[in-house]
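The values are calculated or read from the model by the stated rules, or taken from the named source; none is laboratory data. Note that the coordinates shown come from a computational prediction; the quantities given were computed from them, not determined experimentally. Cβ placement follows ideal geometry from the backbone for every residue including glycine, while neighbour counts extend to all protein chains displayed. Note: accessible area is taken over every heavy atom of the protein model, side chains too, but ligands, DNA and RNA are not part of it. Shrake-Rupley method; radii C 1.70, N 1.55, O 1.52, S 1.80 Å.
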Amino acid sequence: MEESTQEQEILSKQKDKPVLAQSSPKQVRFAISAFYFMQGVCFASWASRIPTFKASMGLNDAELGSILFALPAGQIITMFFSAKLTTHFGSKKMLRATAPLYAIALTFLALATTGWQLAAFLVLFGITGNLCNIALNTQGVAGENYYGKPIMSSFHGAWSIGNLTGALIALGLVNLKLGMYTHFWIIALISLSNVALNGKKLLNYNKPDAVVEKTKFFTMPQGILVLLGVIAFCSMATEGTMFDWSAIYFEDVVKLPHNKAIIGYASFMFMMASGRFLGVFLIGKFGRKNLLQISGAIISIGMALAVIFPNLIVAIFGFMLIGLGVSSIVPMVYSIAGNNKKVPAGKAITMVSSIGYFAFLFGPPLIGYVSQLSSLRYSFGIISVFGLLITFLITKIKAIN
């Protein structure tokens with residue numbers, strides 16, 4: 001789960017604000033991690049069932065690609081006011097209110113019987129998801145400050161573990177032939193229980209002592225930030241493609257039975273989660289610049305293997321390489337941007353994420369359109385070019401350790 005533009009603005013505004021807590025730092029860390037985990041489970045529950053929607057509605061790849069655009073469209077709708085809501089009410093109240101809404105919105109998806117109904121419910125899923133994401137990432141920064149150590153990557157690792165868990169749950173329930181509506185309500189009830197158990201342990205921000213200076217919604221990136229934004233775009237386009245199309249790929253190209261196609265998504269998420277928890281160690285061993293170059297190459301190699309040799313074992317290995325490759329790219333890019341000496345940290349990260357965020361909007365639908373014109377294998381081949389582009393662009397940025 002990556003921070004969007006308005007999330008970065010909130011985080012930069014509230015980074016140094018004091019917090020109020022009645023729980024110990026360990027309890028707070030566990031509570032916040034639990035919310036990240038459950039958000040990952042909810043998202044994976046939807047993503048793992050995409051092949052079911054495609055088959056039951058008789059959608060072709062282009063039609064599915066158009067419908068998938070509805071989810072980020074819902075996220076865009078909230079970009080103009082979600083940051084203000086979180087700032088006004090505080091991340092704790094917003095998270096306790098929006099996490100249940102996000103879980104319930106998941107259950108609505110199972111009620112869709114036509115493409116337009118699914119698109120409408122995906123808009124709602126995107127709206128509630130973005131509101132929850134902003135509150136959650138703001139709460140994550142508060143938790144990191146309260147804990148006193150750089151633990152933000154572990155929160156995002158918890159989201160990835162939740163994604164993997166959600167995929168495995170879906171795999172089990174599909175093979176048990178449990179209906180999608182029941183499946184989604186099981187996840188929703190678990191999420192609601194988490195809010196009840198851990199919601200009170202979240203942190204309260206004190207109200208700001210002064211009015212925060214208003215920032216522009218979008219500022220034109222310059223210089224090194226443009227390159228970092230393009231790198232973020234390539235990585236996030238890869239992530240979005242894997243979230244929405246990996247299970248379809250394993251069903252249509254690898255020719256895995258419908259009830260086992262989720263294995264592709266799960267293998268990707270397993271290595272993405274592992275890579276995020278190993279990120280600090282790998283950065284210390286290779287340095288950010290070398291690790292970014294290696295990560296881009298790994299993405300290209302993994303995608304090339306899955307496209308050229310679409311058999312089960314090689315495709316799983318390829319998807320695992322892709323997960324490892326994308327795991328640390330966006331966190332590293334944001335860190336590099338935030339340490340830029342010419343531009344304030346909050347503004348720099350906002351510039352970079354503004355470019356990268358468009359990948360989630362246009363990446364998955366583009367895969368559907370290219371697939372309809374040629375094949376899903378060719379459309380996935382485009383992603384391998386993104387990996388090479390990451391490796392090439394990072395050589396143009398000198399000021400990285």
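Some observations on this one:
- Scanning segment 175-196 for residues that are farther than 13 Å from Pro100 by Cβ and of a type in the set (Val, Ile, Thr) yields Thr182, Ile186.
- In segment 207-246, the residues that are modelled with pLDDT of 85 or more and either among the charged types (D, E, K, R) or touching a Phe, Trp or Tyr at 6+ places or on another chain (Cβ under 7 Å) (or both): Phe233, Cys234, Met236, Ala237, Thr238, Glu239, Gly240, Met242, Ser246
- Single residue of Pro51, Pro72 found to be closer than 20 Å to Asp252 by Cβ and touching a helix residue (DSSP H, G or I) at 6+ places or on another chain (Cβ under 7 Å): Pro51
- Meets criteria (among the aliphatic types (A, V, I, L, M) and over 25 Å from Ile50 (Cβ atoms)) for Val123: no
- Any hit, segment 116-124, residues being open to solvent by less than 40 Å² (accessible area, probe 1.4 Å) and touching a Cys at 6+ places or on another chain (Cβ under 7 Å): no
- Among the residues making up segment 221-256, those that are more than 14 Å from Ile367 (Cβ to Cβ) and among the small types (Gly, Ala, Ser) are Gly223, Gly229, Ala232, Ser235.
- Considered as a group, the residues in segment 93-113 that are surrounded by fewer than 20 Cβ atoms within 10 Å (Cβ to Cβ) and free of Cβ contacts under 8 Å to residues at least 40 places away in the same chain include one that is farthest from Cys42 (Cα to Cα), and that residue is Lys93.
Results for (1) in contact with a Gly (Cβ under 8 Å, 6 or more places away or on another chain); (2) modelled with pLDDT under 90, shown as yes or no for each residue.
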position	(1), (2)
Phe35	no, no
Gln39	yes, no
Phe43	yes, no
Ala55	no, yes
Ser66	yes, yes
Leu71	yes, yes
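- Some residue of segment 267-287 being over 19 Å from Met152 (Cβ atoms), open to solvent by 40 Å² or more (accessible area, probe 1.4 Å), free of Cβ contacts under 8 Å to residues at least 24 places away in the same chain and not hydroxyl-bearing (Ser, Thr, Tyr): yes
Residues checked against (1) within 30 Å of Val254 (Cα to Cα); (2) open to solvent by 10 Å² or more (accessible area, probe 1.4 Å); (3) modelled with pLDDT of 95 or more:
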position: Val307; (1), (2), (3): yes, yes, no
position: Leu324; (1), (2), (3): yes, yes, no
position: Ile329; (1), (2), (3): yes, no, no
position: Met332; (1), (2), (3): no, no, no
position: Gly346; (1), (2), (3): no, yes, no
position: Ile349; (1), (2), (3): no, yes, no
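- Test for Leu312: is it farther than 23 Å from Asn290 by Cα and either of a type in the set (Gly, Ala, Ser) or modelled with pLDDT of 75 or more (or both): yes
- Entirely in segment 224-341, the helices (runs of 4 or more DSSP H) that have 3 or more residues that are within 25 Å of Ser56 (Cα to Cα): 224-252, 262-286
- Filtering Gly129, Gly90 for residues that are open to solvent by less than 20 Å² (accessible area, probe 1.4 Å) and touching a strand residue (DSSP E or B) at 6+ places or on another chain (Cβ under 6 Å) leaves a single hit, Gly90.
- Search result, residues across segment 19-74 that are open to solvent by 10 Å² or more (accessible area, probe 1.4 Å) and hydroxyl-bearing (Ser, Thr, Tyr): Ser23, Ser24, Ser33, Thr52, Ser56, Ser66
- Meets criteria (under 18 Å from Phe233 (Cβ atoms), surrounded by 19 or more Cβ atoms within 10 Å (Cβ to Cβ) and not hydroxyl-bearing (Ser, Thr, Tyr)) for Ile367: yes
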